[in-house]
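Written below as structure tokens is the structure these notes are about.
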Amino acid sequence: MMKNFNQIFSYNKTQEMVKIRKTIKSSSFVAIDTEFPGCLIETAMGASDETRYGNMRFNVDGTKPIQLGFTLFDKVGRTRGTWEVNFSDFDGTKDAKNEKSLDFLRRNGLDLKRIREEGIAISDFFGEFTQILKEEDKRVAWVTFDGSYDLAYLLQGLTGGKPMPETRKDFDQTVQRLLGQTYDVKQMAGLCEGLNSRFGLQRIADELQIKRAGEAHHAGSDSDLTARVFTIMSTRIARDQKRKRDQFQLDRERGYLAVKEVEHELMMERGYLAVKEVEHELMMKRGYIAVKEVEHELMMKRRMRKCYVPIQPPRPVMFAPYPSYGGGCFVVPVTWRSPNYV
């Protein structure tokens, strides 16, 4: 799909800046892309972060950007406008460049001659663009794809061409202070199922079935594609995160219910055992009482059938005087006969 984006040259700068000032009011995000004359120092794949930043700092300070593309869009992903700013500062005959990178841009249709002759000075554009951002007092979020160089050239423009910060930490702090929130679509791709942070922008767009508008490796087209990829990707990430949160909550609830079911079952078993124990104890008590009742009844019956013969009371002993031989007397017991009891 071909699309003509808003081109900014020296002759239409005023009217396009009016459009930008109006459009940014209804925008929440700015997706950016830059085209520049390549890296003066190539960075090895396994280089440390310090080496990577040192090389980027050298390359950005030593080169001039050729194009800046930016797409303004709102919170729901509706594109408000895309602009492609053509800078006249780069002179291919004398400025530092990487010849292979420059040839690559030419093969992809970048008209370096026209940009040089009809473009706008970097200082002229950023002087007004910076003023727009300050006047609106609006903090938009910035979206890039593998955007270290894009952010670096943007900072350089917003600070009036000041050299890059000396360390990566200083760079990150400056980005945070001047730009606020930033997103890198390449890093976000690692959070999406079916995508990978090693994919290029076009590969990710193809996986998401997004058709490019305009020509690849033109700043306007790349910023537009970055914005649309970001919109779909952020929606997918939000959906996946919600699904994971819901699943986590469901698992927690299921786990809680499972624990409650186990506790309930255990309590039921314990209750059942408790009931059995009470029943057993009651039966034991009832059995004991029954035995006592039977024993009592049996004893009563036995007593009713028995002849009771009371014990005879002790027989009294009676003493009778009896004369003794020797002038005294002694007593002898007299047997007392009691009546017979039947």
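General remarks:
- Hey, Thr144 of a type in the set (Val, Ile, Thr) and under 19 Å from Gly220 (Cα atoms) or not: yes
- Scanning the range 188-221 for residues that are within 18 Å of Leu105 (Cα to Cα) and out of contact with any Ser or Thr (no Cβ under 9 Å at 6 or more places or on another chain) gives Gly200, Gln202, Ala216, His217, His218.
- For the range 39-66, the candidate set comprises residues that are of a type in the set (Val, Ile, Thr) and within 38 Å of the chain's Cα centre (by Cα); within that set, the residue that is nearest to Met164 (Cα to Cα) is Val60.
- Within the range 180-191, the set of residues being assigned to a loop (DSSP other than H, G, I, E, B) and closer than 16 Å to Phe145 by Cα comprises Gln181 only.
- Any chance Met164 is more than 21 Å from Gly77 (Cβ to Cβ), touching a residue at least 12 places away in the same chain (Cβ under 8 Å), out of contact with any strand residue (DSSP E or B) (no Cβ under 7 Å at 6 or more places or on another chain) and buried (at least 19 other Cβ atoms within 10 Å of the Cβ): yes
- Across the range 217-236, the number of residues qualifying as farther than 21 Å from Asn6 by Cβ, surrounded by 16 or more Cβ atoms within 10 Å (Cβ to Cβ) and not charged (D, E, K, R) comes to 3.
- Count - residues of the range 192-237 that are of a type outside the set (A, V, I, L, M, F, W, C) and in a helix (DSSP H, G or I): 15
- Test: residue in the range 37-56 that is modelled with pLDDT of 95 or more, at negative phi, crowded, with 16+ Cβ neighbours inside 10 Å and charged (D, E, K, R): no
- Only one of Ala205, Ala227 that is under 24 Å from Arg80 (Cβ atoms) and touching a Gly at 6+ places or on another chain (Cβ under 9 Å): Ala227
- On the stretch given as the range 200-216, residues that are crowded, with 17+ Cβ neighbours inside 10 Å, in contact with a Leu (Cβ under 7 Å, 6 or more places away or on another chain) and not hydrophobic (A, V, I, L, M, F, W, C) total 1.
- Here Glu35 clears all of (1) closer than 30 Å to Asp206 by Cβ; (2) of a type in the set (Asp, Glu); (3) out of contact with any Asp or Glu (no Cβ under 9 Å at 6 or more places or on another chain) except the condition numbered (3).
- Of all residues in the range 87-126, those being closer than 22 Å to Thr23 by Cα and at pLDDT below 95 number 0.
- Taking helices (runs of 4 or more DSSP H) as the structural unit, those lying wholly within the range 44-145 and holding at least 2 residues that are in contact (Cβ under 8 Å) with a residue 40 or more places away in the chain, more than 25 Å from Thr14 (Cα to Cα) and not hydrophobic (A, V, I, L, M, F, W, C) correspond to 49-62, 99-107.
The values are calculated or read from the model by the stated rules, or taken from the named source; none is laboratory data. Keep in mind the model is a prediction, meaning the values are calculated, not measured. Here the Cβ is made from the backbone with ideal geometry for all residues, glycine too, and neighbour counts use every protein chain on show.
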